[in-house]
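The values are calculated or read from the model by the stated rules, or taken from the named source; none is laboratory data. Keep in mind that this is a model prediction, so the values were computed, not measured. Neighbour counts are summed over all protein chains in view; Cβ atoms, including those assigned to glycine, are modelled from backbone coordinates with ideal geometry. Protein only, heavy atoms only, side chains kept; ligands, DNA and RNA dropped before computing areas. Shrake-Rupley method; radii C 1.70, N 1.55, O 1.52, S 1.80 Å.
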Amino acid sequence: MKSIVILISGRGSNLRSILDANLPLRVKAVVSNNPNAGGLDIAKAHGIATVVVDHRGFASRADFDAALAAEIDRHQPDLLVLAGFMRILTDGFVERYAGRMINIHPSLLPSFPGLDTHAAALREGVRIHGCTVHFVTPRLDHGPIIVQAAVAVLPQDSAETLAQRVLEQEHRIFPQALRWFAEGRLHLGASGTVTLDGPTWQQQALLSPWDKP
Ligand code: GRF
C-alpha cells in the first residue's frame with residue numbers, strides 16, 4: 001500500500017474528506033505549521049500521528065522548510081499532500097518532492113492563484129468557478145492539473161456562498177485524485193502532463209455538481 005503525509009494549516013475539512021474516504025492508502029502523519037489548526041484534532045480522532053512544526057520558531061523560510069522536510073522524510077511517504085497548507089514553500093523544498101507533492105486550490109487554475117479566490121472570481125464576473133488538484137511546482141498555485149470541478153456562479157452569490165459550494169466540490173475531487181494515486185493509475189509525464197490509466201479518465205477528470213459522484 002502506498003503511503004502519504006498530509007500538510008495542513010487550518011480547520012482541516014479537506015483532511016477530513018480524505019480520511020473519511022477510507023482510501024487504500026497509509027496516512028503516516030499529519031503535519032501542521034499552526035499549533036492551533038483544527039485539523040490536528042481531526043487527525044487525532046482518526047488515530048493518526050500529528051506533528052507541529054511552527055514556522056514562527058524559525059529565522060528563515062529555508063530553515064523552516066528544512067525542519068519540515070526532516071519530519072516528512074522520517075515517514076518516507078510516496079506522496080506529500082497539501083490540504084490547506086498556507087505557507088509558501090522554497091524552491092528547494094518543492095524540488096525535493098518534485099512529482100511527489102499535490103495541492104488543492106479553490107479556483108479553476110490557472111485563473112485566480114493566491115488568496116481570496118472567490119472574491120476575485122466575483123469581481124471578474126466569471127460564470128464558472130471551481131477547484132483544482134494539481135502537482136506542485138515552484139510557481140505558486142501552478143503545475144500539472146490532475147482533476148478540476150466546476151460550479152456555476154449565481155447572480156446572488158457572495159464570496160461565502162460561492163466558497164461553500166466550491167468546498168463541497170473540493171471534498172469530492174481531492175479524495176478522488178488520491179484514490180487514483182493509490183490505485184497506481186495516476187502518471188505525471190516528462191512533459192508535465194497528467195494521465196490516468198483507464199478508459200474513462202477524460203470524463204472523470206472534470207467533475208461538476210451535476211455529475212454522479
Ligand atoms: C481550502 O479551500 C483549500 O482549497 C485551500 O484552503 C482551504 C483549506 O480548508 N487551499 P480546509 O482546512 O481543508 O477546511
Is segment 44-63 home to any residue that is in contact with a strand residue (DSSP E or B) (Cβ under 6 Å, 6 or more places away or on another chain) and under 22 Å from Leu186 (Cβ atoms)?
-> no
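Any idea which residue in segment 1-22 is farthest from the ligand (Cβ to nearest atom), counting only those that are farther than 25 Å from Val94 by Cα and either in contact with a strand residue (DSSP E or B) (Cβ under 9 Å, 6 or more places away or on another chain) or not hydrophobic (A, V, I, L, M, F, W, C) (or both)? I'd like the intermediate steps shown before the answer.
The initial filter retains those residues of segment 1-22 that are farther than 25 Å from Val94 by Cα, namely 20-22.
In the following step, the residues that additionally are either in contact with a strand residue (DSSP E or B) (Cβ under 9 Å, 6 or more places away or on another chain) or not hydrophobic (A, V, I, L, M, F, W, C) (or both) were identified as 20, 22.
Values: Asp20: 13, Asn22: 18 Å.
Filtering segment 1-22 for residues that are farther than 25 Å from Val94 by Cα and either in contact with a strand residue (DSSP E or B) (Cβ under 9 Å, 6 or more places away or on another chain) or not hydrophobic (A, V, I, L, M, F, W, C) (or both), the one farthest from the ligand (Cβ to nearest atom) comes out as Asn22.
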Does at least one position in segment 27-34 carry a residue that is within 16 Å of the ligand (Cβ to nearest atom), surrounded by fewer than 17 Cβ atoms within 10 Å (Cβ to Cβ) and either under 25 Å from Pro138 (Cβ atoms) or among the acidic types (Asp, Glu) (or both)?
-> no
Segment 66-89, residues that are open to solvent by less than 40 Å² (accessible area, probe 1.4 Å) and either assigned to a loop (DSSP other than H, G, I, E, B) or closer than 22 Å to Ile145 by Cβ (or both) | His75, Pro77, Leu79, Leu80, Val81, Leu82, Ala83, Gly84, Phe85, Leu89
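Going through Trp201, Trp180, Trp210 one at a time, which residue ends up being within 30 Å of Tyr97 (Cβ to Cβ) and either modelled with pLDDT under 90 or of a type in the set (Gly, Ala, Ser) (or both)? I'd like the intermediate steps shown before the answer.
Working: Trp180 fails: either modelled with pLDDT under 90 or of a type in the set (Gly, Ala, Ser) (or both); Trp210 fails: within 30 Å of Tyr97 (Cβ to Cβ).
Result of the check over Trp201, Trp180, Trp210: Trp201.
Can you list the strands (runs of 3 or more DSSP E) found entirely within segment 142-202 that contain at least 1 residues being under 13 Å from the mean Cα position of the chain (by Cα)? Step through it out loud before you land on a result.
Values: elements: 145-152, 186-188, 194-196.
Answer list for segment 142-202: 145-152.
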Among the residues of segment 121-139, count how many are free of Cβ contacts under 8 Å to residues at least 24 places away in the same chain and under 20 Å from the mean Cα position of the chain (by Cα).
-> 1
